Amino acid sequence: MKVERKTTKPGERQTSRNFRNFPMVPRVVFGAGSFDQLGDILMPKRRHAEAPVIFLVDDVFEGTQLLGRIPAIFDDQIILISADEEPKTVQVDTLVTRIRQSFGATPSGIVGIGGGSVMDLAKAVAIMLNNEGHSADYQGWDLVKRPAVYHAGIPTLSGTGAEVSRTAVLSGPQRKLGINSDYTVFDQVVLDPDLTRGVPKDQWFYTGMDCYIHCVESLNGSYLNAFSKSYGEKAMELCHEVFLGDPSPEESREKLMMASWHGGMSIAYSQVGVAHAVSYGLSYVLGVPHGLGNCLVFNHLQQYYPQGVETYLKMQEKHGIRMPKGVCAGVSPEEMQTMVEVALSMEPLWENALGPHWKTQITPEILSGIYEKI
Ligand code: NAD
Ligand code: ZN
């Protein structure tokens, strides 16, 4: 597994021509119930009756009222997606083939309704409908050649920041890596906190902690700059209110949705760190979901983020979350080696966390020591 290295650190002061020029989501609606505006939002984007809108929807909503509220007209299609496993390149390619074969025209738009998994899938499908080859060819940085078809993201689970980011994270034949490009960013996001009402408590915590960990890693990283800091601090403040305060359920949903947004904006112009690097190894070898993986790892990172871990443990205790144990108990020596290699290949993450000389501070033995505790 290999991770392409960024040539310029985000926000780094070099020559004026080297500052990274990031795209942001151009349109966003926020508010409980705002989902019902989706029909009006999509109408001007419909090219003609034969160019449908494809709604990719987390199958957790099968048989719920939400499906009936989706403004599907003409030849529009609702495709239910299982988020039991995180998205794969082969899944993207299969969906793109299915959509191409079903309709004479390129769709007017793709709408992803779900957590990070379905949102990333929607971004990748929108890109691949307008680009040749396989989605695995585009895992990396700025490899996408043509703009995606119009795509909108509607989170039903808060924390990943996938709604604002310029990446669509996919597991491919050789690696788990995002399609990072300016074309990945959603054209429209609908933030309706009511859609997160039914999230089970553990999942709420794990994905919420993904946001909290984004903040800790961004705010403690060497890539930090005033842009990232301003978003990271706001997201951190909101996480404290949600996970350590006593907000009403409605306030909690609203605040976590905005924390996710700000956390995503913070890492857009900086980078994540140790927890994400180590968690990628867990996810790649054992298929541990992203949020849970980050939590499992973060428990053991006192040395790197003492304040962040202390607060995290308070949050875990306040919400009575019991982490699975013995997750790495049965891994073979080969699997352990792969996990370590995957983690070590995340060079920008280590450089952000530990500085340019990170290789003197982190060794395979240290990493396997962390995995053995999980
Ligand atoms: P998820 O989308 O994988 O969903 C987790 C579970 O929650 C699923 O079972 C899903 O069905 C369920 N769920 C979602 N909404 C629900 C609701 N309203 N009610 C009940 N259940 C609901 O979880 P996630 O943590 O949001 O996303 C993880 C994925 O996001 C990973 O694939 C990860 O790689 C990716 N990710 C992407 C970015 C990015 O910037 N693109 C950042 C971080 C993580
Ligand atoms: Zn994350």
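Data table
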{"item": "Residue that is closer than 27 Å to G264 by Cα and surrounded by 15 or more Cβ atoms within 10 Å (Cβ to Cβ), where the choices are I41, I78, I99", "result": "I41"}
{"item": "Hits in segment 89-129 (condition: charged (D, E, K, R) and either assigned to a loop (DSSP other than H, G, I, E, B) or more than 22 Å from V25 (Cβ to Cβ) (or both))", "result": "D93, R98, R100"}
{"item": "Number of the exception - A152 against (1) within 16 Å of ligand 2 (Cβ to nearest atom); (2) assigned to a strand (DSSP E or B); (3) at pLDDT 95 or above", "result": "(1)"}
{"item": "When residues of segment 168-187 are limited to those that are within 10 Å of ligand 1 (Cβ to nearest atom) and open to solvent by 30 Å² or more (accessible area, probe 1.4 Å), the one farthest from G208 (Cα to Cα)", "result": "S171"}
{"item": "Filtered residues of segment 189-214 (kept if open to solvent by less than 50 Å² (accessible area, probe 1.4 Å), assigned to a loop (DSSP other than H, G, I, E, B) and within 22 Å of C295 (Cβ to Cβ))", "result": "V199"}
{"item": "Which listed residue is closer than 27 Å to H262 by Cα and among the small types (G, A, S), from A32, A72", "result": "A32"}
{"item": "A148 being out of contact with any strand residue (DSSP E or B) (no Cβ under 7 Å at 6 or more places or on another chain), hydrophobic (A, V, I, L, M, F, W, C) and surrounded by fewer than 24 Cβ atoms within 10 Å (Cβ to Cβ)", "result": "no"}
{"item": "Test: residue in segment 117-128 that is within 16 Å of ligand 2 (Cβ to nearest atom), open to solvent by 10 Å² or more (accessible area, probe 1.4 Å) and more than 21 Å from R47 (Cα to Cα)", "result": "yes"}
{"item": "Verdict on G153 being in contact with a Cys (Cβ under 9 Å, 6 or more places away or on another chain), open to solvent by less than 10 Å² (accessible area, probe 1.4 Å) and within 15 Å of ligand 1 (Cβ to nearest atom)", "result": "no"}
{"item": "Residue in segment 323-343 that is of a type in the set (S, T, N, Q) and surrounded by 18 or more Cβ atoms within 10 Å (Cβ to Cβ) present", "result": "no"}
{"item": "Any hit, segment 306-322, residues being closer than 24 Å to L177 by Cβ and either assigned by TED's automatic domain parsing to the domain that holds K176 or surrounded by fewer than 19 Cβ atoms within 10 Å (Cβ to Cβ) (or both)", "result": "no"}
{"item": "Unique residue being in the same structural domain as R166 (by TED's automatic domain parsing), open to solvent by 10 Å² or more (accessible area, probe 1.4 Å), touching a residue at least 12 places away in the same chain (Cβ under 8 Å) and within 16 Å of ligand 2 (Cβ to nearest atom) when the list is A83, A105", "result": "A83"}
{"item": "Qualifying residue in segment 136-144 (condition: assigned to a loop (DSSP other than H, G, I, E, B), within 18 Å of V189 (Cβ to Cβ) and among the hydrophobic types (A, V, I, L, M, F, W, C))", "result": "no"}
{"item": "Condition check for G63: within 16 Å of ligand 1 (Cβ to nearest atom), open to solvent by less than 10 Å² (accessible area, probe 1.4 Å) and outside the structural domain of G208 (by TED's automatic domain parsing)", "result": "no"}
{"item": "Some residue of segment 229-237 being in the same structural domain as E85 (by TED's automatic domain parsing), away from ligand 2 (no atom under 14 Å from the Cβ), of a type in the set (S, T, N, Q) and surrounded by fewer than 21 Cβ atoms within 10 Å (Cβ to Cβ)", "result": "no"}
{"item": "Checklist (1) open to solvent by 30 Å² or more (accessible area, probe 1.4 Å); (2) within 16 Å of ligand 2 (Cβ to nearest atom) applied to E217, failing item", "result": "(1)"}
{"item": "Residue within segment 262-284 that is away from ligand 2 (no atom under 16 Å from the Cβ), assigned to a helix (DSSP H, G or I) and assigned by TED's automatic domain parsing to the domain that holds D210 present", "result": "no"}
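The values are calculated or read from the model by the stated rules, or taken from the named source; none is laboratory data. This structure is a prediction, so every number in the text was calculated from the model and none was measured. Here the Cβ is made from the backbone with ideal geometry for all residues, glycine too, and neighbour counts use every protein chain on show. Heavy atoms of the whole protein, side chains included, go into the accessibility calculation; ligands, DNA and RNA do not. Shrake-Rupley method; radii C 1.70, N 1.55, O 1.52, S 1.80 Å.
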